[in-house]
Every structure is written in C-alpha cells, then in structure tokens.
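Structure first, then comments.
The values are calculated or read from the model by the stated rules, or taken from the named source; none is laboratory data. Please read these numbers as outputs of a predicted model, since none were measured by experiment. Every residue, glycine among them, receives a Cβ derived from its backbone with ideal geometry; neighbour counts consider all protein chains shown.
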Amino acid sequence: MSAENNRHWVRYFVDYAALAAFLIAYLATHDLQKATWGLVIGSVAAIAVGFAVERRIAPLPLFVGGAGLVFGGASLFFHDPRILKIKPTIVNTAIGLLLLGGLAMKKHPLKLVLGEAFAMPEATWRQLTLNYAGFFLALAALNEVIWRTQPDGTWVLFRFPGMMILTVVFSIAHAPLLMKYVKADELPPPPTE
C-alpha cells in the first residue's frame with residue numbers, strides 16, 4: 001500500500017472512528033451512556049492517530065472531534081444523553097451558518113477547501129455553498145426531529161451511518177456539476193495498453 005493510500009485510510013479513520021466506536025458500543029450494550037464512552041475514546045484515538053501520522057490536525061476533524069469530546073464528556077459528566085443528542089444539531093448548524101456567513105462577507109468557504117481542484121465561476125461557487133449550507137441546516141433540523149420523536153436506537157442509526165449516507169448521496173448529486181469544472185491536472189491519466 002502506497003503512502004498516499006495510507007493517508008486516505010488515516011483520513012477515513014479520523015473522520016469515522018469515533019462514530020463507529022459509538023455505534024459498536026451502542027449495539028453491544030443498548031446503553032447510550034456506555035456508547036458515549038466509545039465516542040469519547042474514539043474521538044481521542046482519531047485525533048491522536050491523525051496527528052501521529054500527518055503531523056498536523058486538520059481543522060474540520062479537530063472541530064468535529066473536539067465537539068465529540070466536549071459534548072460526550074458533558075453528557076457523561078451530567079448523566080444526560082440529551083447533551084450528546086444535540087451535538088449534531090449544533091455542529092451542523094454551525095457549519096451551515098459558517099457557509100452562509102462566508103457568503104455574506106463575499107467569500108466562498110467551499111472554495112478554500114475545494115478551490116485547488118475546481119475552476120468554477122463565482123456564481124457556481126455561490127450556488128454550491130448555498131446548497132451545502134441548506135443541506136447542513138436541514139441535517140440539524142432532521143436531527144432535532146429524530147432525537148425528540150424516536151427511540152435511542154433509531155437516533156443512533158440515524159447519527160451513524162444515516163447522516164454519513166445522506167451526506168454521500170447529497171455530494172454525489174453534485175458530482176455532474178463539479179465534473180464540469182475539474183481542473184485537467186486533477187484528472188487521472190488515461191489507462192495505457
């Protein structure tokens with residue numbers, strides 16, 4: 001396995017280890033408090049592995065992992081699972097508002113993340129940013145509806161892998177738009193015979 005492939009696996013680990021640990025712990029115990037320990041330990045492990053391998057911590061995984069530690073820790077300390085359940089609402093609302101705030105300041109936050117790979121006109125960056133802001137705000141609202149109306153098991157499955165699946169589907173729906181603007185040097189070379 002190449003060093004580049006290893007970095008991809010590390011990124012997946014950093015992004016999903018805490019949620020996977022949370023899901024596994026919940027399925028094993030059916031106890032939200034015990035599963036929260038899995039989330040907290042998984043968050044620490046993910047941040048540590050990311051730092052050890054990449055010698056840096058990317059801002060978004062640090063924000064999400066840090067939120068997992070803060071909300072998970074507060075949920076454990078106060079013995080109140082509602083604190084953990086509002087984490088996706090707060091994180092997704094913050095991301096949505098950050099994207100909208102960037103647009104209000106005539107910036108395109110997604111361009112900072114994706115700008116190296118795509119050469120899109122300003123109007124397209126704006127639309128893509130609005131789409132993602134709306135998506136994150138909708139995820140926040142959906143989380144509120146689900147945790148307030150459904151049993152813990154349903155909410156846990158919505159949290160992971162449900163939100164991940166929704167995010168992947170939403171992103172794939174934007175692939176045709178993005179492919180129109182991908183920079184030529186970002187495309188893989190054609191296969192040789």
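Of note:
- Members of segment 71-103 found to be of a type in the set (Ser, Thr, Tyr) and over 16 Å from VAL145 (Cβ atoms), listed by number: SER75
- Helices (runs of 4 or more DSSP H) (entirely within segment 1-106) containing at least 2 residues that are surrounded by 13 or more Cβ atoms within 10 Å (Cβ to Cβ), in contact with a Gly (Cβ under 6 Å, 6 or more places away or on another chain) and not charged (D, E, K, R): 3-29, 32-54
- For segment 2-45, a tally of residues being modelled with pLDDT of 85 or more and among the aromatic types (Phe, Trp, Tyr) returns 4.
- In summary, VAL91 fulfils each of the numbered conditions (1) of a type outside the set (Lys, Arg); (2) more than 18 Å from THR36 (Cβ to Cβ); (3) modelled with pLDDT under 95 with the single exception of condition (2).
To keep it simple, each residue is scored yes or no on (1) of a type in the set (Asp, Glu); (2) within 21 Å of VAL182 (Cα to Cα).
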residue: SER75; (1), (2): no, no
residue: ASP80; (1), (2): yes, no
residue: PRO88; (1), (2): no, no
residue: LEU103; (1), (2): no, no
residue: LYS106; (1), (2): no, no
residue: PRO109; (1), (2): no, yes
residue: VAL113; (1), (2): no, yes
residue: PHE118; (1), (2): no, yes
residue: GLN127; (1), (2): no, yes
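- Flag: PHE135 does not match the condition of being under 23 Å from ILE24 (Cα atoms), buried (at least 19 other Cβ atoms within 10 Å of the Cβ) and at pLDDT 95 or above.
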